[in-house]
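Read the figures in this text as sums done on the coordinates, not as results from a lab. Note that this is a predicted model, so its numbers are computed, not measured. As a convention, Cβ positions derive from the backbone with ideal geometry for all residues, glycine included, and neighbour counts pool all protein chains shown.
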Amino acid sequence: MQVRIFYHDKCFDGACSASLFARFHRECIAPKMGVRAEYAFHGLVHRAGALFDDRDFIGDENAIVDFKYSSSPAVTWWFDHHLSAFLSSQDHEHFLESQKVPAAQRRKFYDADSVSCTSFLARVAAEQFGMDVRPLAELVHWADIVDGALYASPEAAVEMAEPAMKLTMAIESVQDAGFVPRLIPLLTEKNLAEILREPLVANEMPALLERHEQSLALIRKRASCEQGTIYFDITDHPLEGYNKFIPYYLHPEATYSIGLSRSSFRTKIAVGSNPWTKTPPEKMMNLATICERYGGGGHARVGAISFPREKDDWARAAAAEIVAELRAHHASL
Ligand SMILES: [Mn+2]
């Protein structure tokens, strides 16, 4: 049996969810079906335009983890925790319909309160399918820290002493499209320090660390913080991802950060909030709602909007509106 696993690409939680799903399916699902399964991994990215190509759903099973819902009948499993999980109300209806079966037959799972999709998947796999997830405690722990931005300090997040943080950097920025699919199986086979020593990862580290230093220097030059909101535009320096805590490392007093950047396939507005802010949670703007207005999405505390690569000017105009809105909100507190 061929199992195709579609996961949020360039994302630590997405990769961990894919790895955990494969192990879950191999240990708990395939044996019950009396089959041997093979697993293939396909990254999905948020982009302007269609997110899915239904012609990719050609596995005997097709699973989507840590990514938006698809109502394609070929999708047999789905796990997500994003606030903006449904592209349309029809998709949401379709999901609700899928829940109207006895609990034991349910294959689509959604919990917007889970810090990471990995910890959500581990919980469902353990409680509803009897999977022994104890050997995966380290992975689940770090998926929550990384996806929930629960780092002790901006220094801890930017200086990346922990293996999980270096792996996050590699997942977010290695350019070779085969890198994450090769890394995924290791995530539930070895501990994170061992994975960092694997040649697949170790060979990438020196160049990645150098690029990290360069992006830190660039954002330091470009970022300005006014009325609690950082803004920077680095579209003239194509970067395939940067450490999203750099703005708060440079401006710890900020509440929000808006970054405009450009990669090989999109121009992106990253709309984030400072995980270490002293602003009380009830006074924070919901960033998923703001991003949805422009066709983006995410979580309450961090979101993003993708534009076609050549639409820099639209992206810049939208970013300016969001910056003005967040600064005005901050000034009104
Ligand atoms: Mn996630």
Practice prompt. Would you compute, from DSSP H runs of 4+ residues alone, the mean residue ellipticity of the chain at 222 nm, taking -39500 (n - 2.57) per run and dividing by the full residue count, rounded to the nearest 500?
Written response: -12000 deg cm²/dmol
Worksheet item: So what is the diffusion coefficient of the chain in µm² per second by Stokes-Einstein at 4 °C and 1.567 mPa s, using a Kirkwood Rh over Cα pairs?
Response: 63 µm²/s
Worksheet item: Which ³J(HN,Hα) values in Hz, rounded to whole numbers, follow from the phi angles of region 203-215 under the Karplus curve 6.51 cos²θ - 1.76 cosθ + 1.60, where θ = phi - 60° and Gly and Pro get x?
Response: 5, 7, 4, x, 5, 5, 5, 5, 5, 4, 4, 5, 5
Item to complete: Among the trypsin sites (Lys or Arg not before Pro) in region 231-333, which ones are in a DSSP loop with at most 16 other Cβ atoms within 10 Å of the Cβ? Mind listing them?
Response: Lys278, Lys311
Worksheet item: So which lysines can Lys311 reach, going by Cα to Cα under 19 Å and dropping same-chain residues fewer than 8 places off?
Response: Lys268
Worksheet item: Can you give the alpha-carbon Rg of region 48-171 over 2.2 N^0.38 Å, where N counts its residues?
Response: 1.20
Fill in: Extension gain, Asn191 back to Gln214 (0.36 nm per residue minus Cα-Cα distance, nm)
5.4 nm
Item to complete: DSSP loop (so not H, G, I, E, B), at most 16 other Cβ within 10 Å: list which chymotrypsin sites (Phe, Trp or Tyr not before Pro) in region 238-267 pass both filters.
Response: Phe265
Fill in: Translational diffusion of region 130-186, µm² s⁻¹ [Kirkwood Rh, Cα pairs; Stokes-Einstein; 37 °C; 0.692 mPa s]
258 µm²/s
Worksheet item: Can you tell which of Ala104, Ala126, Ala22 shows the greatest fluctuation in a Gaussian network model of the chain with Cα springs below 10 Å?
Response: Ala104
Worksheet, complete the sentence: Quick note, region 214-332: a/c under 1.5 would make it rounded; otherwise a/b > b/c is prolate and the rest oblate (a ≥ b ≥ c, C-alpha gyration tensor); here it is oblate
Fill in: region 214-332, dipole about Cα centre (Lys/Arg Cβ +1, Asp/Glu Cβ -1), debye to the nearest 20
220 debye
Discussion item. Given points 7 Å out from each Cα along the Cα-Cβ axis, report the Gln2 to Arg293 separation in nanometres with one decimal.
Written reply: 4.5 nm
Worksheet item: Working out 0.36 nm times the residue gap between Asp176 and Glu97, then minus their Cα-Cα distance, what length gain in nm do you get to one decimal?
Response: 24.6 nm
Worksheet item: Between Gln128 and Arg316, what is the label-to-label distance in nm when each label sits 7 Å out along the Cα-to-Cβ direction?
Response: 4.7 nm
Response to the item:
Spelling it out for Trp78: with amide H atoms placed in the peptide plane at 1.01 Å from N, the residues 5 or more places away or on another chain with amide H under 5 Å from its amide H are Ile64, Lys108, Phe109
Response to the item:
Stretched fully, the stretch from Leu51 through Glu155 gains (0.36 nm per residue minus C-alpha distance, one decimal, in nm) 34.0 nm
Fill in: Within-9-Å neighbourhood charge of Ile171 [Cβ basis; K, R +1; D, E -1]
-1
Fill in: Signed unit charges on C-beta, dipole axis of region 214-332, positive-most listed residue Asn274, Tyr256, Leu287
Asn274
Item to complete: Rounded to whole Hz and in sequence order, give me ³J(HN,Hα) for region 128-140 from the Karplus expression 6.51 cos²θ - 1.76 cosθ + 1.60, θ = phi - 60°, writing x for Gly and Pro.
Response: 9, 10, x, 6, 7, 9, 4, x, 9, 4, 5, 4, 5
Worksheet item: Are any of the pairs Lys244/Lys283; Lys100/Lys190; Lys108/Lys278; Lys68/Lys100; Lys190/Lys221 more than 28 Å apart by Cα-Cα distance, and if so, which?
Response: Lys100/Lys190; Lys108/Lys278; Lys190/Lys221
